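Engineer: Following this message is one structure expressed as structure tokens.
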Amino acid sequence: MGRWFKNIFLIIFCLGLLNNIAQPADKQIVIDSLVIVDSSLVIDFRAEGIIDDAMIERLRSGFTSTMEFQIEIWKKRPFLFSQFIHQKSFQIKLAYDTWDNRYQIVSSDEDRKTSSIQRVREICSNYQKITICANEKIHKNANYFATVRLIVRPMSIENLAEIERALKGNKSPNNKIEKYPTPQASSKNRFLKFILAVTGFGDQVLSSRNVEFRLNDKNKIIWLN
């Protein structure tokens, strides 16, 4: 193994130990409400325990993390598979700016910075008034349910690209990447995925499903359970 790979392996391994030693709070998605607002289906939910000490440590070590949310509406069908109706997805990217010692939170709506870890946890944990779809997609004579899926990527695509270049011996992102990787490169990539998984740097997936609901004649949600 080259010097680059050994250094990167050491960094990932040490951070992985910190991730395993830490005792994060229980991670879960909690759906708080689902209502009709201005002819749209709107959801409130929480992502509890996601921004733990291990993620903060990774951010301060120079890694960029991504949180991808996938909110889906499904139509319940007796004796059949549920029918997919609509999906709303969005991403939040987290990083740490070493120049001014502040955390950076980037979404499609804003790009903000804060020096408070508690503020980072608040922003990344509470999601209110998220519009999913127009209520015309929800018919009054059918039952539905909503799901929220969160994919946490502790390492960004850019971080992975840097490591892959190091594994291949490329020192610059401008170096040409082979279309068909050699057996040695493929072996290193598999080993990298294994290391990411065992050290906690692989993708983490959480999901939650609410109880069934339907619309009444006044376009208000009626819970069935």
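We did not get these values from a lab; they are worked out from the coordinates using the rules stated. Please read these numbers as outputs of a predicted model, since none were measured by experiment. Note that we place each Cβ from the backbone using ideal geometry, even for glycine, and neighbour counts take in every protein chain shown.
Engineer: Compute the length gained on full extension between residue 33 and residue 97: take 0.36 nm times their separation in residues and subtract their Cα-Cα distance, giving the result in nm to one decimal.
Structural biologist: 19.6 nm
Engineer: Which of the GluC sites (Glu not before Pro) found in the stretch 47-143 are loop residues per DSSP with 13 or fewer other Cβ atoms within 10 Å of their Cβ?
Structural biologist: For GluC sites (Glu not before Pro) across the stretch 47-143 that sit outside H, G, I, E and B with at most 13 neighbouring Cβ atoms in 10 Å, the list reads 110.
Engineer: Between residue 113 and residue 70, what FRET efficiency follows from the Cβ-Cβ distance if R0 is 35 Å, with the result rounded to 0.05?
Structural biologist: The formula returns an efficiency of 0.85 here.
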